[in-house]
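Each remark here refers to the structure printed beneath this line.
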Amino acid sequence: MIGVALVGLGDIALRAHLPALLRNPEVTVAALVDPDPARRALAAAHARAPVAKDVREVLADPSVRGVVLATPPWVTAGLIAQVAGSGRFVLAEKPVATSLEAGEKLLALPEEQLRRVQAGLTYRHDPALELLGEWLRSGLLGSPLLVRAHIYDERRDPADPAHARRVEETLRHGLPLVHEGAHVFDWFRLLFGAPERVDDAWTLATRDGLPAPNLCGVRLLCPHGTVVLAEFGWLTDAPPRCEISVLGDRGHVRLDGYSFTVELSTAAGIERFEFEPDRTTRCFDRQLARFVELITGVRHEADPGLEAGVATLALAERITTLLEGRR
Ligand SMILES: NC(=O)c1ccc[n+]([C@@H]2O[C@H](COP(=O)([O-])OP(=O)(O)OC[C@H]3O[C@@H](n4cnc5c(N)ncnc54)[C@H](O)[C@@H]3O)[C@@H](O)[C@H]2O)c1
């Protein structure tokens, strides 16, 4: 059994990482770490494992071979360096940092440490994206493409002010396109190739008093003339739909942003593709299976490595630079 510590016991840790760790037959949860005693108590109710306040306590334990970091992104970059430096394998939540500078510092880690770090770009492991990638490579939709991504999440729930405070704190560390873009820009790079140009960008705050605009968008030019229009939004009482649509001369694909159910429309008709089990379960299980393969040596390179996490930060930085130049 491979001892894995879970560091950061917030929402995504308890909702997705801990259940995945408990489901994996090769893994034992070696420690649960969070400075907040309430989060430690909540996690300990789900899994029988030693609890700790600080990752340093865990790094003294030789049974810990891997560490999952589900911490706020402004904390994660420092922890990646600390944990990788201790000889452990690291699966680090996205975004791996909140600035390109911090991300590039991580890429300068010694090669032997860098190769032990997997970026938590969870949803790139989804079979729906693999299927879409196959269609695009085979030219099923034609080329170039018009891609429209509407990424709306983190609805403001008047009954849950603590959630709104947490999301506002995250907004203090970057626009939604920095945080959601960690996933979405990664999918664009995999599916359409690295963007060649940032043609336009905009932001909008739906109310006063927010630490940064809660809506933002960008127009990108990708290889082969593909145009991507992407918008991201948080913290409205009623968000619009969350989906990605890909239109070409011969077909149209609609990917539901939450379930990753895919609808393909061509001259031959409309087909729907659904995958089991739910998206969170299948993606966190697949991601963890790859991490276990990295730890056991079945896999020689992290899938994906840190460079993929930093590539999303590089694009986010190009966009924020364009926005700042306009101010
Ligand atoms: N992969 C995904 O699908 C997905 C989904 C949601 C969030 N995320 C990412 O996961 C990360 C965590 O998000 P969340 O919504 O769970 O946040 P959260 O605020 O609910 O949880 C973060 C936890 O980390 C703890 N923490 C802070 N500093 C720490 C430290 N030094 N050591 C240990 N624990 C520390 C906090 O006390 C808190 O309990 C973010 O980077 C977010 O972008 C990923």
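The values are calculated or read from the model by the stated rules, or taken from the named source; none is laboratory data. Everything numeric here is computed off the predicted structure, so don't read it as measured data. Note that we place each Cβ from the backbone using ideal geometry, even for glycine, and neighbour counts take in every protein chain shown. Each accessible area value is taken on the protein alone, full model and side chains, heavy atoms only, with ligands, DNA and RNA left out. Shrake-Rupley method; radii C 1.70, N 1.55, O 1.52, S 1.80 Å.
Values as computed for the structure displayed
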quantity	calculated
Count of residues meeting criterion [touching a helix residue (DSSP H, G or I) at 6+ places or on another chain (Cβ under 8 Å) and open to solvent by 80 Å² or more (accessible area, probe 1.4 Å)] in segment 270-285	1
Qualifying residues in segment 163-198 (those that are charged (D, E, K, R) and part of a loop (DSSP other than H, G, I, E, B)) - the one least open to solvent (accessible area, probe 1.4 Å)	E180
Which numbered condition A201 misses (of (1) open to solvent by 20 Å² or more (accessible area, probe 1.4 Å); (2) not in a helix (DSSP H, G or I))	(1)
Scope segment 235-266; condition under 19 Å from the mean Cα position of the chain (by Cα), part of a strand (DSSP E or B) and not acidic (D, E); matching residues	I244, L255
Candidate set from segment 41-58 (those that are within 11 Å of the ligand (Cβ to nearest atom) and open to solvent by less than 40 Å² (accessible area, probe 1.4 Å)); member that is modelled with the lowest pLDDT	V58
Criterion violated by L79 - all others in (1) out of contact with any Lys or Arg (no Cβ under 7 Å at 6 or more places or on another chain); (2) under 21 Å from M1 (Cα atoms) satisfied	(2)
Positions within segment 138-163 being over 30 Å from T266 (Cα atoms) and away from the ligand (no atom under 11 Å from the Cβ), in sequence order	R155, R156, D157, P158, A159, D160, P161
Count of residues meeting criterion [in contact with a Pro (Cβ under 9 Å, 6 or more places away or on another chain) and either under 14 Å from T320 (Cα atoms) or open to solvent by 10 Å² or more (accessible area, probe 1.4 Å) (or both)] in segment 219-230	6
Test: A238 is away from the ligand (no atom under 16 Å from the Cβ), small (G, A, S), closer than 25 Å to R155 by Cα and open to solvent by 40 Å² or more (accessible area, probe 1.4 Å)	yes
Residue identified as in contact (Cβ under 8 Å) with a residue 40 or more places away in the chain, of a type in the set (S, T, Y) and surrounded by fewer than 18 Cβ atoms within 10 Å (Cβ to Cβ) among T261, T312	T261
Pairs, first within 11 Å of the ligand (Cβ to nearest atom) in segment 164-193, second of a type in the set (F, W, Y) and open to solvent by 20 Å² or more (accessible area, probe 1.4 Å), C-beta under 8 Å, six or more apart	H173/W74; H183/Y123
Residue list for segment 1-35, filter: within 12 Å of the ligand (Cβ to nearest atom) and open to solvent by 70 Å² or more (accessible area, probe 1.4 Å)	R15, P35
Any chance A38 is more than 8 Å from the ligand (Cβ to nearest atom), in a loop (DSSP other than H, G, I, E, B), modelled with pLDDT of 95 or more and surrounded by fewer than 19 Cβ atoms within 10 Å (Cβ to Cβ)	no
Unmet criterion (only one of (1) open to solvent by less than 40 Å² (accessible area, probe 1.4 Å); (2) in contact with a Ser or Thr (Cβ under 7 Å, 6 or more places away or on another chain); (3) over 20 Å from F185 (Cα atoms)) for R250	(1)
